[in-house]
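What follows is a short report on a single structure.
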Amino acid sequence: MAPAEYFHSVRLLRDKCQGCVSCVKACPTEAIRVRNGKAEILADRCVDCGACASICPYHAFSIKTATLDGLEKYAYNIVLPAPSMYSQFPEQVPMEDIWQGLHNLGFDEIFDVSLASEYIAKEIETYVKNYTGGRKPLISSTCPSVLRLIQVKFPELIKQVVPVLAPAEAAAIYVRQKAEAKLGLASEKIGVWFISPCPSKETNIRQSVDVRQTALSGSFSLAEIYGKLLRCLGGDNTLNVVTGSSYGMGWGAYGGEISSAGLENALAVHGVDNVYEVLEQISMNKMPTLDYVECNMCERGCIGGCLTAENKFVAESNLRRRINILRSQEPVERELTMASSMTLEDFPRSAAYLKKLVARPMMHLDENIMEAMKKFERMEEVLYSLPGLNCGACGAPSCQGLAEDIVQGKAHEIDCIFKLRGSVHKLAQGMIELAKQIPISHEPQSLNAVEEDER
Amino acid sequence: MAENKSLKLSFDVIGGDFERAGEASAKIKKMLKMIGVPADIVRRIAIGTYEAEMNAIIHAGGGNVAAEAFSDATVITVSDQGPGIPDIEKALQEGYSTAPDHVRQMGFGAGMGLPNMVKCSDEFDIKSVVGEGTTITMRFEHISEDL
């Protein structure tokens, strides 16, 4: 198997890594091993969810994102803050102050992603309503890490993924087109930037799984921008920014997607393990009457991303309060509310920009099925001989993982410390047995002689 | 056909054990993925096996779920020593169900089990004797419909 080169924004800082196995155990695709005392990321398995970065006690993972000096490359820079950005501030901080702060950091124009979310919600609503014949439930496509998890672990679910753009991408397409027309600038002179709560978005900009050609120039770490923003919030507040309603704002936390699409027979699943479990169940057709499943790889939704500054529960509370304030000023009906905010002309439709999601299966043991069957048998034998403690001390996530690595020639049985202990014990016993059979050739004569004399 | 080599997995399932229901199917699914059976085929096998596993758990007080994977096909056999099916023809109709209310309330027993198994598999066989038990055999060819 010769996998294509995969770009990853999640990287290991080797000198910080202590070789503990926290990340190995947290990884949903078993993409990390500890070998020779350091973690190693298996590029063809990693889905850039950031679970490793979130859990690492030594902060040994770095996330490759853009830096503000990147703005200099462009004549005009547009930034796309998402609800996850607003969630970092208590609702007493007006959105206007946040926008002005972004302007102070060097961005010429600001476009609110929550508005784009509403157009995407509409597309989802229509698609779900018109969906007939195929297997259910449909699965949301807005979290790129979920898409990659499906490619890698659940390729059989690709047909159930709703073909819509992620809101930030749709927003980027829209603002880029508008700026080109308005300013008469060439596209390469315009920088369009996302402020991302997670590494997943940056990876999707560099190597998209769902968009033919991204309209984004890059993404910044939300936590990094947050730190800079704190020092320059507010100002003239003369910017003209169109925003979404409470429904678009809801997308920052779990449940926002299905409520803005008006879907009731639907689930909102969040957190790596939960997403994995639900996809597994969908794959076995355990939820055939459900219409839709919203999946967020991060716990509590995008606000739980590993590039956020604020605690995810505080962020959720901040966001829900902002939503409540907006909602108190909106019509009761969702349809009316969204219709009054969705007034942009020619907002892009997803279909023209999407490409087909392709399978990236990594589960199989060998390209040749007969070979794979032999390896499976051996793997079962090896697994049976291992202690089954899933301690991770060998550097693999579980005994099963080690067994797999062993049959693939990537690990050895004595990587298991219990196996090693057994081997050392056996060796030691062998030496004792051997020692008994060795004739003692020369006693320390003089000493013996002295002892004899003393008796 | 060169079907000399095969892999076998077999699991006993316990009647009424909804907590562990689906485990056998999940393990079979994992094995098939690991040996490289195409994803769409694995899915059909998993769905068919899960339906049969659930039937054994709901109706038959448990049974055995077995898979034998060859290079070109997989055969699933689910057998039980349950009450048996008096009218197989009827049981194969969509929507027909004998599941008790408390099971239906859990979302099972919609009368789609056997029809789904027929739909999923390339060959389907059912043998049932009232008072003795039921054996379902499903064969799935490893011919992918996807690219």
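Every read-out reported here was derived from the displayed coordinates using simple, explicitly stated rules and does not represent laboratory data. Given the structure is predicted, the values throughout are model-derived calculations rather than measurements. In this analysis, Cβ positions are derived from the backbone assuming ideal geometry, glycine residues included, and neighbour counts consider all displayed protein chains.
Below are the figures for this structure:
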quantity: Filtered residues of region A:239-280 (kept if within 14 Å of chain B (Cβ to nearest Cβ), touching a helix residue (DSSP H, G or I) at 6+ places or on another chain (Cβ under 9 Å) and part of a helix (DSSP H, G or I)); calculated: A:276, A:279, A:280
quantity: From the options B:73, B:21, residue that is surrounded by 18 or more Cβ atoms within 10 Å (Cβ to Cβ), small (Gly, Ala, Ser) and facing chain A (nearest Cβ under 10 Å); calculated: B:21
quantity: Search result, residues across region A:260-287 that are out of contact with any Cys (no Cβ under 8 Å at 6 or more places or on another chain), free of Cβ contacts under 8 Å to residues at least 40 places away in the same chain and either surrounded by 18 or more Cβ atoms within 10 Å (Cβ to Cβ) or among the charged types (D, E, K, R) (or both); calculated: A:264, A:268, A:277, A:284, A:286
quantity: Any hit, region B:60-68, residues being surrounded by 20 or more Cβ atoms within 10 Å (Cβ to Cβ) and farther than 30 Å from residue A:366 by Cβ; calculated: yes
quantity: When residues of region A:383-404 are limited to those that are surrounded by 22 or more Cβ atoms within 10 Å (Cβ to Cβ) and within 14 Å of chain B (Cβ to nearest Cβ), the one farthest from residue A:147 (Cα to Cα); calculated: A:403
quantity: Tally, over region B:27-60, of residues that are touching a residue at least 12 places away in the same chain (Cβ under 8 Å), part of a helix (DSSP H, G or I), more than 21 Å from residue B:115 (Cα to Cα) and facing chain A (nearest Cβ under 10 Å); calculated: 3
quantity: Selection from region A:147-183 of residues that are touching a helix residue (DSSP H, G or I) at 6+ places or on another chain (Cβ under 6 Å), farther than 22 Å from residue B:37 by Cα and aliphatic (A, V, I, L, M); calculated: A:162, A:164, A:165, A:168, A:170, A:171
quantity: Complete set of residues in region A:96-116 that are touching a helix residue (DSSP H, G or I) at 6+ places or on another chain (Cβ under 6 Å), of a type outside the set (Gly, Ala, Ser) and in a helix (DSSP H, G or I); calculated: A:113, A:115
quantity: Among the residues listed as A:66, A:53, the single one being in contact with a strand residue (DSSP E or B) (Cβ under 6 Å, 6 or more places away or on another chain), more than 24 Å from residue A:399 (Cα to Cα) and crowded, with 20+ Cβ neighbours inside 10 Å; calculated: A:66
quantity: Candidate set: region A:306-352, residues that are within 30 Å of the chain's Cα centre (by Cα) and among the hydroxyl-bearing types (Ser, Thr, Tyr); chosen: the one nearest to residue A:177 (Cα to Cα); calculated: A:350
quantity: Residue in region A:352-368 that is out of contact with any Ser or Thr (no Cβ under 6 Å at 6 or more places or on another chain) and in a helix (DSSP H, G or I) present; calculated: yes
